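The values are calculated or read from the model by the stated rules, or taken from the named source; none is laboratory data. None of the values given here were measured: they were computed from a predicted structure. When we count neighbours, we look across all protein chains shown, and the Cβ atoms used for this are built from the backbone with ideal geometry, even at glycine.
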Amino acid sequence: MRGRMRTVAVVLTMATSVLVESCAKRGSGPARPVTTLVVDNQSSYEMTIYVLRSAERVRIGTARAIMETRLRLPRGMVFGATTLRFQADPIGSRHAPISSEILVQEGDEVRLRIPPH
């Protein structure tokens, strides 16, 4: 069966941007889909990446400098459609930009681009 694709762009503080892409496929089994974050870190800093849901902040991994890194969101973080924000905390710097809220669904691939500083 055919799936549908949606793309949403959100601008973050400090000139960081997020691109959300999702592919919803019908006819899949009862297994819950994996939601991933792909970080395109164009900065010279390594970044500790957090996902924020309401007042909860969960560390999901490290994005190496000048690389693309794929991280899995914790299974319990997304229930159906969930509003999330992402934080990129540069190791060795004081600024940690946080995205605006974006709506993420199970199985989405969220793309976070961190521009060079």
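Restricting attention to the range 80-96, which residues are surrounded by fewer than 11 Cβ atoms within 10 Å (Cβ to Cβ) and within 18 Å of VAL110 (Cα to Cα)?
Across the range 80-96, the qualifying residues are GLY80, ALA81.
Assuming LEU71 fulfils every condition listed in (1) exposed (fewer than 15 other Cβ atoms within 10 Å of the Cβ); (2) at pLDDT 95 or above apart from one, which condition is it?
Condition (1) is where LEU71 drops out.
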